[in-house]
1. Report the label-to-label distance for GLU45 and ALA60 in nanometres (one decimal), using points 7 Å from each Cα along the Cα→Cβ vector.
2. With a 1.4 Å probe and all protein chains left in place, how much accessible area per residue does region 43-105 have, in Å²?
3. Modelling each spin label as a point 7 Å along the Cα-to-Cβ direction, I'd like the GLU52/LYS147 distance in nm, to one decimal.
4. How far is it, in nm, from the label point at PHE82 to the one at SER95 when both lie 7 Å from their Cα along the line to the Cβ?
5. Using a Förster radius of 30 Å, what is the FRET efficiency between VAL10 and SER161 based on their Cβ-Cβ separation? Nearest 0.05, please.
Amino acid sequence: DMVKRRLARVPQGTRDFNAPYFFDDVARGRGGAARKVPDAKSGAECATRTVEVAWSDNDANGHVNNARFVRWAVDAIPESPFGQVLSMVEVEFVSEAMFGEALEVCCYEDVVSDGGCKDGEASDFVGVGASRRCLSVLRKRGLSPKKNGKEVARVATEWRSE
């Protein structure tokens with residue numbers, strides 16, 4: 001919705017036309033509500049890096065192209081995932097980011113195996129056979145106090161050994 005500058009639901013006619021490409025059963029959790037990317041564990045440390053939104057990061061609507069958030073999240077992983085295959089990406093968009101803004105990417109990592117969290121917690125976020133899980137939270141930096149630290153997106157990735 002360009003007037004309110006918020007994400008809008010895809011019109012039903014477009015959804016019907018593109019039905020083979022929609023994965024509502026994956027994107028929606030129990031009860032039909034949109035599934036949220038999980039929070040980082042309380043007190044967890046993160047690896048941080050700062051990125052500045054470049055002109056080439058923008059889409060036709062004047063805000064960051066969705067694929068850039070995934071790129072920045074993967075680039076923020078402290079140890080390279082070489083030798084591992086990306087098996088899942090889940091993105092939760094919270095607010096828009098614009099050209100010239102600085103974003104802090106904070107990457108939390110949790111090693112998992114066979115669908116269970118490292119600490120034995122149950123999570124429907126973790127896929128079976130995953131060997132590594134990363135959560136990146138992107139926040140605005142260096143702006144007015146009202147916007148500084150405002151969350152822009154969360155990107156969860158899972159990796160498995162080749």
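The values are calculated or read from the model by the stated rules, or taken from the named source; none is laboratory data. This one's a predicted model, so the numbers in the text were calculated from it and none came from an experiment. Cβ placement follows ideal geometry from the backbone for every residue including glycine, while neighbour counts extend to all protein chains displayed. Just the protein is used for accessible areas: all its heavy atoms, side chains included, with ligands, DNA and RNA removed. Shrake-Rupley method; radii C 1.70, N 1.55, O 1.52, S 1.80 Å.
1. Output for this residue pair reads 4.6 nm.
2. Values: 3540 Å² over 63 residues.
That works out to 56 Å² per residue.
3. Here the answer is 1.5 nm between the modelled labels.
4. 3.8 nm
5. Values: r = 36 Å, r/R0 = 1.19.
Calculated value: 0.25.
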